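Q: Sharing a structure with you now.
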Amino acid sequence: MAMVGGGPGSFIGPVHRMAAELDGLARLRAGVFSRDHERSRAAAVGYGIDPDRAYPDVATMLAAERARPDGIDFVAIATPNDTHLPIAAAALAAGVHVISDKPATATLAEALELRRHVAASDALYAVTYTYTGYPLIREARERVARGDFGRIRRVHVEYPQGWLADPVEQGGNRQAGWRTDPAQTGAGGCISDIGVHALNLAEYVAGDRIEHLLADLASVVPGRLRDDDATLLLRFADGARGLVAATQVAAGARNDLRLSIWGERGGLSWSHADSQHLRLCWPDRPDEVLSAGSPYLGPAATAATRLPAGHPEGFIEAFATIYRDFAHAIRAATPVAQTPLCGIEEGVRGLLFVDAALRSWAQGAAWEPVEDAGPHP
């Protein structure tokens, strides 16, 4: 694999590398780790790879790797949002598979363009919606799909963070800097960064599509040019109602993602802080607590598990499950839509959420459709 981004000071780059290599199905061998070639070469040394395979730009990397007998099979994109489209488009045109950070692109128009590139290529494309890699999220999805809870009525996702409660971007925090810069983050702020995670998780587990949303967005920290707080009401195609509350200004909160779903016959809840347990609630019998790694879990959760019950698996392992699924799809030439992965359609939906939320906010919190007006190749 090659990675674009992930140079000195990156948070997510090392995570991609650890996740990709955990199961021994991929190895980082090349990359464009920084816009500065010398910093890119320094990053290569830090990653333990040949600095001569740290390239000055993506085009040079793709051409050089194509000429090698041991050239790369896929590219991992770990850069700010504004660069996702050109990197992915170039790799797909070269027949190189792509796995990308979310959101898929910076804007909805770019996401629709990227979908055309994916359709025109024989290469695979996936988005790293990391939380979909947790075994008990896959168990929850499976139980909802088989009708354990009856028809779904309510879907709630909360995602509070507090790391942007102060204007840390003004003090040189690089991660905050690009995420609050409209030129790099794109159309949204919090809604693009963590809101798309929450909205994706709602659809992934509920097995239903959000048709309309009403958004109350805010830029809480003075001077910030993109939203840092988002609350959305949701209406699903099958009649369920829902709520997403995502914020990056909840001082003291860390990465406290929580999911709850209720149907006609019961419900479930899962917390990122306690990712080893899935709680099921019933009106006519005792509640249940399912533990990751247990023999009573279904095939989806079992396939995403590496350790026996009582041995916690966390964020890196969930990320690695996505990479493992992607590696298997590449080797078997399996379309992403036939795997548990999130592909270009989920990537486009992420930007549809952002676009609808921004339209709703601009109109004073009006209900807006989440509809795909772009052409389907």
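The values are calculated or read from the model by the stated rules, or taken from the named source; none is laboratory data. Since the model is a prediction, treat every value here as computed from it, not as a measurement. Every residue, glycine as well, gets a Cβ built from its backbone with ideal geometry; the counts of neighbours run over all protein chains shown.
Q: Among the helices (runs of 4 or more DSSP H) confined wholly to the stretch 101-219, which include 1 or more residues that are touching a residue at least 60 places away in the same chain (Cβ under 8 Å) and under 24 Å from ARG265 (Cβ atoms)?
A: Fully inside the stretch 101-219 and qualifying: 135-145, 196-206.
Q: Could I ask something else about it? Under 26 Å from GLY162 (Cβ atoms), of a type in the set (Lys, Arg) and out of contact with any helix residue (DSSP H, G or I) (no Cβ under 7 Å at 6 or more places or on another chain) - does that describe any residue in the stretch 241-253?
A: no
Q: Anything in the stretch 84-100 that is in contact with a Phe, Trp or Tyr (Cβ under 7 Å, 6 or more places away or on another chain) and in a loop (DSSP other than H, G, I, E, B)? List them, or say none.
A: Within the stretch 84-100, just VAL96 meets the criteria.
Q: Looking at THR302, THR334, which one is outside any helix (DSSP H, G or I) and surrounded by fewer than 22 Cβ atoms within 10 Å (Cβ to Cβ)? Even if it seems obvious, please write down each step before you answer.
A: On the way: THR302 fails: outside any helix (DSSP H, G or I).
Answer to the check: THR334.
Q: Which is small (Gly, Ala, Ser) and either within 24 Å of GLY263 (Cβ to Cβ) or touching an Asp or Glu at 6+ places or on another chain (Cβ under 6 Å) (or both), of ALA318, ALA309, ALA300? Give the derivation first.
A: Values: ALA318 fails: either within 24 Å of GLY263 (Cβ to Cβ) or touching an Asp or Glu at 6+ places or on another chain (Cβ under 6 Å) (or both); ALA309 fails: either within 24 Å of GLY263 (Cβ to Cβ) or touching an Asp or Glu at 6+ places or on another chain (Cβ under 6 Å) (or both).
After ruling out the rest, the residue left standing is ALA300.
Every residue, every condition in (1) more than 22 Å from GLU158 (Cα to Cα); (2) outside any helix (DSSP H, G or I), yes or no:
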| position | (1), (2) |
| --- | --- |
| LEU278 | no, yes |
| PRO286 | yes, yes |
| SER294 | yes, yes |
| GLU313 | no, yes |
| ALA318 | no, no |
| ILE322 | yes, no |
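Q: Return a yes/no flag: does the stretch 77-100 have any residue that is within 16 Å of the chain's Cα centre (by Cα), of a type in the set (A, V, I, L, M, F, W, C) and closer than 18 Å to LEU199 by Cβ.
A: Within the stretch 77-100, not a single residue is within 16 Å of the chain's Cα centre (by Cα), of a type in the set (A, V, I, L, M, F, W, C) and closer than 18 Å to LEU199 by Cβ.
Q: Answer with yes or no whether PRO299 is over 25 Å from the mean Cα position of the chain (by Cα) and either in the same structural domain as GLN161 (by TED's automatic domain parsing) or within 27 Å of TYR125 (Cβ to Cβ) (or both).
A: The answer is no for PRO299.
Q: Where the second residue is not in a strand (DSSP E or B) and the first is without any contact (Cβ under 8 Å) to a residue 60 or more places away in the chain and lies in the stretch 237-264, which pairs have Cβ atoms under 9 Å and are six or more apart or on separate chains?
A: Every condition considered, the pairs that remain are ALA237/ASP208; ALA237/ARG209.
Q: Tell me which of these ASP372 doesn't satisfy, since it passes every other one: (1) modelled with pLDDT under 95; (2) within 21 Å of ALA246 (Cα to Cα).
A: Among (1) modelled with pLDDT under 95; (2) within 21 Å of ALA246 (Cα to Cα), the lone unmet condition for ASP372 is (2).
Q: In the stretch 257-270, which residues are surrounded by 16 or more Cβ atoms within 10 Å (Cβ to Cβ) and either out of contact with any His (no Cβ under 9 Å at 6 or more places or on another chain) or within 19 Å of TYR134 (Cα to Cα) (or both)? Let's see the steps before the verdict.
A: Here is the first cut: in the stretch 257-270, the residues surrounded by 16 or more Cβ atoms within 10 Å (Cβ to Cβ) are 257-263, 266-270.
If the condition is that a residue be surrounded by 16 or more Cβ atoms within 10 Å (Cβ to Cβ) and either out of contact with any His (no Cβ under 9 Å at 6 or more places or on another chain) or within 19 Å of TYR134 (Cα to Cα) (or both), then LEU257, ARG258, LEU259, SER260, ILE261, GLY263, GLY266, GLY267, LEU268, SER269, TRP270 are the ones that fit.
Q: Just checking, which of ALA246, ALA250, ALA273 is within 23 Å of THR130 (Cα to Cα) and either assigned to a helix (DSSP H, G or I) or at pLDDT below 95 (or both)?
A: Values: ALA246 fails: either assigned to a helix (DSSP H, G or I) or at pLDDT below 95 (or both); ALA250 fails: either assigned to a helix (DSSP H, G or I) or at pLDDT below 95 (or both).
Answer to the selection: ALA273.
Q: Would you check which residues across the stretch 139-174 are at pLDDT 95 or above and within 30 Å of ILE72 (Cα to Cα) and list them?
A: none
Q: Right, another one. Provide a single number: the residues in the stretch 2-16 that are buried (at least 23 other Cβ atoms within 10 Å of the Cβ) and either among the charged types (D, E, K, R) or in a helix (DSSP H, G or I) (or both). Spell out how you get there, then give the answer.
A: Our first condition is that a residue be buried (at least 23 other Cβ atoms within 10 Å of the Cβ); within the stretch 2-16, this holds for 2-7, 13, 16.
Next, only the ones that are either among the charged types (D, E, K, R) or in a helix (DSSP H, G or I) (or both) stay: 13, 16.
The qualifying residues number 2.
Q: Among the residues of the stretch 199-213, is any within 19 Å of GLY252 (Cα to Cα), crowded, with 16+ Cβ neighbours inside 10 Å and either at pLDDT 95 or above or not β-branched (Val, Ile, Thr) (or both)? Quick ask: steps written out before the conclusion?
A: Quick first cut of the stretch 199-213, residues within 19 Å of GLY252 (Cα to Cα) only: none.
No, the stretch 199-213 contains no residue that is within 19 Å of GLY252 (Cα to Cα), crowded, with 16+ Cβ neighbours inside 10 Å and either at pLDDT 95 or above or not β-branched (Val, Ile, Thr) (or both).
Q: For the condition surrounded by 15 or more Cβ atoms within 10 Å (Cβ to Cβ), farther than 30 Å from ILE191 by Cβ and modelled with pLDDT of 95 or more, what is the one hit in LEU307, LEU297?
A: LEU297
Q: Does the stretch 233-243 include one or more residues that are under 24 Å from ASP101 (Cβ atoms) and outside any strand (DSSP E or B)?
A: no
Q: With the condition kept exactly as written, say whether any residue in the stretch 48-56 is at pLDDT below 95, assigned to a helix (DSSP H, G or I), assigned by TED's automatic domain parsing to the domain that holds ASP122 and surrounded by 16 or more Cβ atoms within 10 Å (Cβ to Cβ).
A: Within the stretch 48-56, not a single residue is at pLDDT below 95, assigned to a helix (DSSP H, G or I), assigned by TED's automatic domain parsing to the domain that holds ASP122 and surrounded by 16 or more Cβ atoms within 10 Å (Cβ to Cβ).
Q: For the stretch 256-270, how many residues meet the condition of being outside any strand (DSSP E or B), under 30 Å from PRO167 (Cα atoms) and at pLDDT 95 or above?
A: The total comes to 1.
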